[in-house]
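Comments concern the structure below.
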Amino acid sequence: MLVLKTRADLQRLVDEGLEESLTLDYKASPALTRDGKGPDELCKDVSALANSAGGQIIYGIEEDKATAKPARVDDGVADAKITREWIEQVLNSKVQPRMDGVRIERVDMGTGKYGYVINVEQSQNGPHQSPDGKYYKRFNLQSVPMHDYEIRDILRRSTTPDLEAMLWFPQLGDTMTVSFAQARELSQTFFLNCTVMNKSPTPAHYAIVEVWVDQDLTVPFAVDPFVQVNAIEHSPTERLLVYRRTISAPPGVPVFKEASHESHTAQIALQLPARLRESSVIYLESHVSAPGVSKHEKYQIIVKDDLLRLVKPGQPRSTISTFDR
């Protein structure tokens, strides 16, 4: 999800013209109100995200209805009695069953008022019922009632693993610096970690994990348990090498929600060609499949003067516009 904690973060969305989507909903501050149907509309929109893929609702940005793009950051919610605690109380009392994974950020608008960003994870204990007795989903940038088969699909989430293959640098950060020996065409070897995590209470006993690596990077040697299996061509200029591992229990440890076992993290060794060290964009993807679940995420590594910055899923991609591939 987007990291949105300040007015400047909201203004960046406006400046970049990031459109609404199934996981991003802009609302002007007056839409967050204690009057009339305001609380019920809040519950409807938040529960629709939880019943769908999750996402974010931003109160404090006016939307251009014609383009679905943000028009401007407004002054914030005028009603001082609307607080983070009030929003939580409304959601907890009016939505059934209670939603887990809802996080609310208060944004200081610099006007004495506040905007709010409601971060909603995809629910694993739904479906969630709105105060009007209906179940909603996010569809075509709106919250619409769900069909019976969709409700049944959500019920099955509680009995199906929800896996994610997360890529990260070993230093636990999003940035790192690569080193080049004098006159060498390749950097010293650095590592990319891939950790499989489970958001569902149902453990995964078997999973196939893949990391797709931009062919512009060099893989100097194999690191168990990842092995190269093939290559994928997205376009004539974008070719990704596929590295795969398998998790199986037994003899290994199942992937649990409660904890990540060390065996569920593995590494890929990489080198950066010198021709890319000044300014470039590297493409990566993670894929994980298990019985009843399949998920893939797109990453990027932005390279600038030997500094690597990992751009994770959900983060704005337009920040790369000043770089040349």
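A few comments on the model shown:
- Some residue of the range 259-266 being open to solvent by less than 20 Å² (accessible area, probe 1.4 Å), touching a Leu at 6+ places or on another chain (Cβ under 7 Å), among the aliphatic types (A, V, I, L, M) and modelled with pLDDT of 95 or more: no
- Flag for Q124 being open to solvent by less than 60 Å² (accessible area, probe 1.4 Å) and either out of contact with any strand residue (DSSP E or B) (no Cβ under 8 Å at 6 or more places or on another chain) or modelled with pLDDT under 95 (or both): yes
- Residue within the range 14-37 that is under 20 Å from the mean Cα position of the chain (by Cα) and among the small types (G, A, S) present: yes
- Within the range 225-248, tally of residues that are at pLDDT below 95 and in a loop (DSSP other than H, G, I, E, B): 2
- Verdict on R157 being in a loop (DSSP other than H, G, I, E, B), in contact (Cβ under 8 Å) with a residue 24 or more places away in the chain and open to solvent by 40 Å² or more (accessible area, probe 1.4 Å): no
- Any hit, the range 74-87, residues being over 28 Å from E297 (Cα atoms), without any contact (Cβ under 8 Å) to a residue 24 or more places away in the chain, part of a helix (DSSP H, G or I) and open to solvent by less than 70 Å² (accessible area, probe 1.4 Å): no
- Extreme residue, surrounded by the fewest Cβ atoms within 10 Å (Cβ to Cβ), among residues of the range 242-258 that are closer than 11 Å to M197 by Cα and hydrophobic (A, V, I, L, M, F, W, C): F256
- Apart from one condition, A165 fits all of (1) aliphatic (A, V, I, L, M); (2) open to solvent by 40 Å² or more (accessible area, probe 1.4 Å); (3) in contact (Cβ under 8 Å) with a residue 24 or more places away in the chain; the exception is (2).
- Scanning the range 46-69 for residues that are touching a residue at least 60 places away in the same chain (Cβ under 8 Å) and over 19 Å from the mean Cα position of the chain (by Cα) yields a single hit, A68.
- Test: residue in the range 276-290 that is open to solvent by 30 Å² or more (accessible area, probe 1.4 Å), without any contact (Cβ under 8 Å) to a residue 60 or more places away in the chain and out of contact with any Asp or Glu (no Cβ under 7 Å at 6 or more places or on another chain): no
- Residue in the range 21-31 that is within 15 Å of V102 (Cα to Cα), open to solvent by 20 Å² or more (accessible area, probe 1.4 Å), part of a loop (DSSP other than H, G, I, E, B) and polar (S, T, N, Q) present: yes
- A269 modelled with pLDDT under 95 and either more than 23 Å from the chain's Cα centre (by Cα) or not polar (S, T, N, Q) (or both): no
- Filtering the range 139-154 to residues that are part of a strand (DSSP E or B) and touching a strand residue (DSSP E or B) at 6+ places or on another chain (Cβ under 7 Å) leaves S143, V144, P145.
- For the range 187-207, a residue qualifies if it is open to solvent by less than 60 Å² (accessible area, probe 1.4 Å) and either at pLDDT below 95 or part of a strand (DSSP E or B) (or both), and the qualifying residues are F190, L192, N193, C194, T195, V196, N198, S200, T202, P203, A204, A207.
The values are calculated or read from the model by the stated rules, or taken from the named source; none is laboratory data. For clarity, every value in this text was computed on a predicted model and none was experimentally measured. Virtual Cβ from ideal backbone geometry, glycine too; neighbours counted across all protein chains shown. Side chains included, ligands, DNA and RNA excluded: accessible areas come from the protein's heavy atoms. Shrake-Rupley method; radii C 1.70, N 1.55, O 1.52, S 1.80 Å.
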